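Below is one structure, written out as C-alpha cells; the observations come after it.
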Amino acid sequence: MKKNYLFHFGVILYILFMSLFRETFSFMGLNVFLAWLPLVFGSLFMKLISPVRWLFAALWLLFFPNVPYLLTDLFHLESLRIYHAHGLFAPVASDWWSYFFLVLPILVMVFVGMAQVFHLLATVKLQKSQRFISLLGLAVLSGIAVYSGRFDRIHSVELILKPLHALQLLLGNWHVEKIQFVVMFSLLQLGVWALIFGLQHDRSLQD
C-alpha cells in the first residue's frame with residue numbers, strides 16, 4: 001500500500017515539474033497525467049464494491065489508450081542534439097536530461113498501466129480464454145484510439161464533449177495505412193503483455 005502512495009506521489013511531482021519548470025518535452029506533463037488517470041480509475045474499480053464501480057470501469061476503458069499512446073512519444077527524441085552522423089553521440093548534458101525525463105516515465109507508466117490490466121481481469125474473474133479475447137479486443141481498440149490520437153489529434157475528453165465527431169473519426173476513414181498501424185500497435189501491446197505475464201509467471205515460480 002505504501003508503495004502505491006509513493007508511486008502516485010512521484011507521478012504527481014513529475015506532472016507538476018514537467019508542466020511548470022521544463023521547456024523541453026513539457027507536453028509530457030499532460031500526456032503522463034492522461035496515462036495516470038486510468039490507473040486511478042482502475043484502482044477505484046478494484047477497491048469499490050458498490051455498483052458505482054462500473055462507472056470507473058467505463059472511465060478506465062475510455063482513458064486506457066493514453067497508456068500505450070506514450071510509446072509514440074519516443075519519436076520526439078529525434079529533436080535532441082545527442083545523435084550525430086556516422087553513429088556518433090554528443091555529451092550534451094541538457095539533452096541527456098531531456099532524454100531521461102522523456103524515456104523514464106514512458107517505461108514506468110506503460111509497464112505499470114498495462115500490468116494493471118491483469119489485476120482488472122482477475123477482479124472480474126474471467127476464464128483464461130475470455131482473458132485472452134479481452135486483451136486482444138483491448139489491444140485493437142487501443143490501437144485505433146492511438147492512431148486517431150496521433151494522426152487525427154483526438155483527445156480522450158472529446159469522447160465525452162464531442163462523442164459523435166470522435167466516434168466518426170475512430171470508426172471511419174479506414175485505409176491501408178490505418179489498418180497496418182492498428183495491427184502493428186495491437187501486436188506491440190500484446191508483446192508487452194506477454195513480457196509482463198512472463199515476468200509475473202517467473203516470479204510466482206520463485207515464490
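The values are calculated or read from the model by the stated rules, or taken from the named source; none is laboratory data. Nothing here was measured: the structure is a model prediction, and the numbers come from that model. Cβ placement follows ideal geometry from the backbone for every residue including glycine, while neighbour counts extend to all protein chains displayed.
Is the stretch 158-171 home to any residue that is among the basic types (Lys, Arg) and at pLDDT 85 or above? Let's see the steps before the verdict.
So in the stretch 158-171, the residues among the basic types (Lys, Arg) come out as 162.
Subset that is at pLDDT 85 or above: none.
Checked the stretch 158-171: no residue is among the basic types (Lys, Arg) and at pLDDT 85 or above.
For Leu187, are the conditions met, namely being over 21 Å from Gly42 (Cβ atoms), aliphatic (A, V, I, L, M), exposed (fewer than 15 other Cβ atoms within 10 Å of the Cβ) and under 15 Å from the mean Cα position of the chain (by Cα)?
Taking the combined requirement at face value, the residue satisfies it.
For the stretch 79-194, which fully contained helices (runs of 4 or more DSSP H) count at least 2 residues that are touching a Lys or Arg at 6+ places or on another chain (Cβ under 7 Å)?
Details: elements: 93-123, 128-151, 158-161, 163-171.
Passing ranges, in order: 93-123.
Take the stretch 3-56 and flag every residue that is among the charged types (D, E, K, R) and either closer than 21 Å to Thr123 by Cα or touching a Gly at 6+ places or on another chain (Cβ under 6 Å) (or both).
Let us first name the residues in the stretch 3-56 that are among the charged types (D, E, K, R), namely 3, 22-23, 47, 53.
Answer for the stretch 3-56, where residues must be among the charged types (D, E, K, R) and either closer than 21 Å to Thr123 by Cα or touching a Gly at 6+ places or on another chain (Cβ under 6 Å) (or both): Lys3, Lys47, Arg53.
Quickly run through the stretch 23-47 and pick out the residues that are surrounded by 14 or more Cβ atoms within 10 Å (Cβ to Cβ) and more than 20 Å from the chain's Cα centre (by Cα).
Thr24
I'd like the residue in the stretch 1-22 that is without any contact (Cβ under 8 Å) to a residue 12 or more places away in the chain and not in a helix (DSSP H, G or I) and, out of all such residues, is surrounded by the most Cβ atoms within 10 Å (Cβ to Cβ).
My answer is Phe21.
Which of the residues belonging to the stretch 137-166 are exposed (fewer than 15 other Cβ atoms within 10 Å of the Cβ) and farther than 18 Å from Phe27 by Cα?
Gly137, Ile160, Leu161, Lys162, Pro163, Leu164, His165
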